[in-house]
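Some notes on the structure that comes next.
The values are calculated or read from the model by the stated rules, or taken from the named source; none is laboratory data. Fair warning: this is a prediction, and the values are worked out from it, not measured in the lab. Note: ideal-geometry Cβ built from the backbone for every residue, glycine included; neighbour counts use all protein chains shown. Please note that ligands, DNA and RNA were not included when accessible areas were found on the heavy atoms of the full protein model with its side chains. Shrake-Rupley method; radii C 1.70, N 1.55, O 1.52, S 1.80 Å.
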Amino acid sequence: MSLLQNKSVLIVGLGLIGGSVARGLRSGGLCRAIYACGRDERPLQQAQADGVIDEWSTDLKSIAVKADVILICVPTLTVRRVFEDLKGVVSDTTILTDAASVKGSVVEDFQAVFGNECGQFVPAHPIAGSEQTGYLASNTKLFMGRKVILTPLANTDRTALLVVTQLWQALGALVNEMHVDTHDAVLAATSHLPHLLAFSLVNTLAHEKQTEDIFRYAAGGFAGFTRIASSDPVMWRDIFLANGPATVAVLDAYVQELGSMRDAIVAGDGDLLRSRFQSAKDARDSFVRKHFSNGNGVETYGHSNQIVPAQKVVPVLTIDGPGGSGKGTISARIAQTLGWHYLDSGALYRLLGLAARRAGVSTGDEALLLPLIERMRIRFGPDQGAIWLDDEEVSSELRTETSGAAASEVAVHPAVRQALLELQHDFRQMPGLVADGRDMGTVVFPDAQLKIYLTASVEERANRRYKQLIAKGIDVNLSDLFVDITARDERDSSRAASPLRPADDALLIDTTEIGIEQVVALVLDLIRQRYLST
Ligand code: DC
């Protein structure tokens, strides 16, 4: 049994990282109680309303006494103040850990407050940040397949180290240990410098006269390269102040390299430029092959492969079919019965359709849809019903026929489908996934162990949809629905990219004549035969 199971965990700072830890702990039932503390009451109240935390307070001292493990998720330079507040309040056995991006300064702060002898602190750095911030952006899957670096000291208590290791592993992270100084030097090069470059590139371009044109015509590569310039300014100010020397060392080397590229351009030295580019390409190709390849030469940095624990394959049940075939209801019911995760992939296309409408972007404009995907902040409620877009609950709006049609229109673009692929792979987590959509069995999870393709006559599907909408008080016309459904079927099945079709190894079920309950029972039987008997 995990050492964490009987412990209470206090999270100080309920933002993206703290909120995601709380969600992961709660959804996995990984500890006895979850408390949170912060300055702003709103995320704390929200987290309690979401059932993510048990108790909260804005007064650290009063809530800290209840905790067995305290995880500090505040900006790097605020960690010391938290240590000062905790000093004299927590017991000798309370485990302290943090999530700051710089480790040297945090270790110094800890020792300055608690002394060099205390071994209850386990410095940790989850490499899972994002340019998104705040509790509302948090999610249970943030740490799946991500690295977490622990930098224990010579006197760090072994049990404390084990508890913190287990905490991150239980959230799906890959835990490594490293010396504090190595951590700060490596991160200066791989994370801090790139952020500095992104911030300064955007600043440089933002001051150019043709700013509007530069941003308007910026291609996807530019948006990708500068994505991290949208990161939290306070967090990054702290990181550079705390990790100054290591960052300046690598920055100087970079400036020198940049200078030599500049000279080569001025001198028209094509050979030099080519040889510098070639050596960069060789180095990158080689490290991608070594560290981020699935063996077939496909780059897998991001999540796609990493979320599957090496020794166990996460089971996936795919349920594809046209709208109104019963996919959504059946998938949600099965996921709930099995306690598996649920992916409503249609909702992702619906969200993009909605985001496009709100931004005044045409559903036919692939190039303008891509940056919208990057910007969309999506959150699914715990019970699969509620969905938020950019902090606004849009569940009802998503279910309208207009949203369905917009979804089907944005879904024809190959680049859109590709951009949403990683997000869909992220849902594949233990103990299993039920994935509902059009191309779940053919493209997104071709290795799924069980694939179902549901269908039903157009008349029956139009009838079902009609009843659903009328029951919700939405006024619709049956023959309009019939026309809409036929048009959507046609668009979804005839598009070139991942068209709606059964996978070769899918089991076809026609639900025209049979009820939801029967289908659920049949699929559950199949799953039990496949997984539970082995
Ligand atoms: O399942 P749904 O009605 O919510 O899907 C809305 C549209 O999204 C559907 O008409 C086509 C598109 N879609 C898709 O192309 N691929 C998926 N896996 C899911 C939905």
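Looking at residue 48 and the list (1) in a loop (DSSP other than H, G, I, E, B); (2) within 21 Å of residue 7 (Cα to Cα), which single condition is not satisfied?
Evaluating residue 48 over (1) in a loop (DSSP other than H, G, I, E, B); (2) within 21 Å of residue 7 (Cα to Cα) leaves (1) as the failure.
All but one of (1) surrounded by 20 or more Cβ atoms within 10 Å (Cβ to Cβ); (2) over 22 Å from the mean Cα position of the chain (by Cα); (3) basic (Lys, Arg) hold for residue 23; state the number of the condition that does not hold.
(2)
Could you tell me which residue of segment 371-401 is nearest to residue 476 (Cα to Cα), considering only residues that are among the aliphatic types (A, V, I, L, M) and within 17 Å of the chain's Cα centre (by Cα)?
387
Would you mind stating whether residue 308 is modelled with pLDDT of 95 or more and part of a loop (DSSP other than H, G, I, E, B)?
No.
Given 286, 230, 279, 191, which one is at pLDDT below 95, open to solvent by less than 40 Å² (accessible area, probe 1.4 Å) and hydroxyl-bearing (Ser, Thr, Tyr)?
Only one candidate qualifies: 191.
Any residue at all in segment 350-372 that is under 25 Å from residue 512 (Cα atoms) and open to solvent by less than 50 Å² (accessible area, probe 1.4 Å)?
no
Can you tell me which of 386, 359, 411, 367 is more than 21 Å from residue 499 (Cβ to Cβ) and touching an Asp or Glu at 6+ places or on another chain (Cβ under 8 Å)? Write out each step before concluding.
Details: 359 fails: touching an Asp or Glu at 6+ places or on another chain (Cβ under 8 Å); 411 fails: more than 21 Å from residue 499 (Cβ to Cβ); 367 fails: touching an Asp or Glu at 6+ places or on another chain (Cβ under 8 Å).
Just one listed residue meets the conditions, 386.
Can you tell me which residues in segment 484-501 are near the ligand (Cβ under 8 Å from one of its atoms) and closer than 17 Å to residue 465 by Cβ?
Those that are near the ligand (Cβ under 8 Å from one of its atoms) and closer than 17 Å to residue 465 by Cβ: 488, 491, 492, 500.
All but one of (1) within 24 Å of residue 326 (Cβ to Cβ); (2) of a type outside the set (Gly, Ala, Ser); (3) within 13 Å of the ligand (Cβ to nearest atom); (4) surrounded by fewer than 20 Cβ atoms within 10 Å (Cβ to Cβ) hold for residue 449; which doesn't?
(3)
Condition first: open to solvent by less than 30 Å² (accessible area, probe 1.4 Å) and more than 14 Å from the ligand (Cβ to nearest atom). Now tell me which residues in segment 311-339 satisfy that.
314, 315, 317, 334, 335
Can you name the condition, by its number, that residue 358 falls short on among (1) part of a loop (DSSP other than H, G, I, E, B); (2) free of Cβ contacts under 8 Å to residues at least 12 places away in the same chain; (3) not β-branched (Val, Ile, Thr)?
Single failed check for residue 358: (1).
Working only within segment 457-466, note down all residues that are open to solvent by 70 Å² or more (accessible area, probe 1.4 Å) and within 13 Å of residue 326 (Cβ to Cβ). Steps first, answer last, please.
Filtering segment 457-466 down to residues open to solvent by 70 Å² or more (accessible area, probe 1.4 Å) leaves 459, 466.
Result: no residue meets the conditions.
May I ask you to list the residues in segment 489-506 that are modelled with pLDDT of 90 or more and open to solvent by 40 Å² or more (accessible area, probe 1.4 Å)?
The answer is 490, 491, 493, 494, 501, 502.
Pairs please, first residue from segment 495-513 and touching a residue at least 24 places away in the same chain (Cβ under 8 Å), second anywhere and in a loop (DSSP other than H, G, I, E, B) and more than 15 Å from the ligand (Cβ to nearest atom), Cβ atoms under 6 Å, 6+ apart in sequence or on different chains.
512/457
Which residues, counting only those in segment 399-428, are more than 10 Å from the ligand (Cβ to nearest atom), hydrophobic (A, V, I, L, M, F, W, C) and either modelled with pLDDT of 95 or more or buried (at least 21 other Cβ atoms within 10 Å of the Cβ) (or both)?
Residue satisfying the conditions is 427 alone.
Filter segment 508-528 for residues that are open to solvent by 30 Å² or more (accessible area, probe 1.4 Å), more than 13 Å from residue 333 (Cβ to Cβ) and modelled with pLDDT of 85 or more and give the result.
Applying the first criterion (open to solvent by 30 Å² or more (accessible area, probe 1.4 Å)) to segment 508-528 yields 508, 510, 512-518, 521-522, 525-526, 528.
So of that shortlist, the ones also more than 13 Å from residue 333 (Cβ to Cβ) come out as 508, 510, 512-514, 525-526, 528.
Of everything in segment 508-528, those that are open to solvent by 30 Å² or more (accessible area, probe 1.4 Å), more than 13 Å from residue 333 (Cβ to Cβ) and modelled with pLDDT of 85 or more turn out to be 508, 510, 512, 513, 514.
Residues checked against (1) without any contact (Cβ under 8 Å) to a residue 12 or more places away in the chain; (2) of a type in the set (Val, Ile, Thr); (3) on the phi > 0 side of the Ramachandran plot; (4) part of a loop (DSSP other than H, G, I, E, B):
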| residue | (1), (2), (3), (4) |
| --- | --- |
| 90 | no, yes, no, yes |
| 108 | yes, no, no, no |
| 111 | yes, no, no, no |
| 119 | no, no, no, yes |
| 143 | no, no, no, yes |
| 148 | no, yes, no, no |
| 159 | no, yes, no, no |
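Any residue at all in segment 42-57 that is free of Cβ contacts under 8 Å to residues at least 40 places away in the same chain, farther than 20 Å from residue 120 by Cα, among the polar types (S, T, N, Q) and in contact with a helix residue (DSSP H, G or I) (Cβ under 6 Å, 6 or more places away or on another chain)?
Yes, some residue in segment 42-57 is free of Cβ contacts under 8 Å to residues at least 40 places away in the same chain, farther than 20 Å from residue 120 by Cα, among the polar types (S, T, N, Q) and in contact with a helix residue (DSSP H, G or I) (Cβ under 6 Å, 6 or more places away or on another chain).
Could you say whether any residue in segment 326-339 is modelled with pLDDT under 85, on the phi < 0 side of the Ramachandran plot and either part of a strand (DSSP E or B) or of a type outside the set (S, T, N, Q) (or both)?
Yes, that holds for at least one residue.
In the list 481, 469, 454, 433, which residue meets the criterion of being touching a Gly at 6+ places or on another chain (Cβ under 8 Å), within 14 Å of the ligand (Cβ to nearest atom) and either basic (Lys, Arg) or open to solvent by less than 30 Å² (accessible area, probe 1.4 Å) (or both)?
Numbers: 481 fails: touching a Gly at 6+ places or on another chain (Cβ under 8 Å); 469 fails: touching a Gly at 6+ places or on another chain (Cβ under 8 Å); 433 fails: touching a Gly at 6+ places or on another chain (Cβ under 8 Å).
Among 481, 469, 454, 433, only 454 is touching a Gly at 6+ places or on another chain (Cβ under 8 Å), within 14 Å of the ligand (Cβ to nearest atom) and either basic (Lys, Arg) or open to solvent by less than 30 Å² (accessible area, probe 1.4 Å) (or both).
Go through 112, 33, 67, 99 for me and flag whichever is under 18 Å from residue 7 (Cβ atoms), among the hydrophobic types (A, V, I, L, M, F, W, C), surrounded by fewer than 20 Cβ atoms within 10 Å (Cβ to Cβ) and modelled with pLDDT of 95 or more.
Values: 112 fails: under 18 Å from residue 7 (Cβ atoms); 67 fails: surrounded by fewer than 20 Cβ atoms within 10 Å (Cβ to Cβ); 99 fails: surrounded by fewer than 20 Cβ atoms within 10 Å (Cβ to Cβ).
The match here is 33.
Report whether or not residue 443 is under 21 Å from the mean Cα position of the chain (by Cα), within 14 Å of the ligand (Cβ to nearest atom) and buried (at least 20 other Cβ atoms within 10 Å of the Cβ).
It is false that residue 443 is under 21 Å from the mean Cα position of the chain (by Cα), within 14 Å of the ligand (Cβ to nearest atom) and buried (at least 20 other Cβ atoms within 10 Å of the Cβ).
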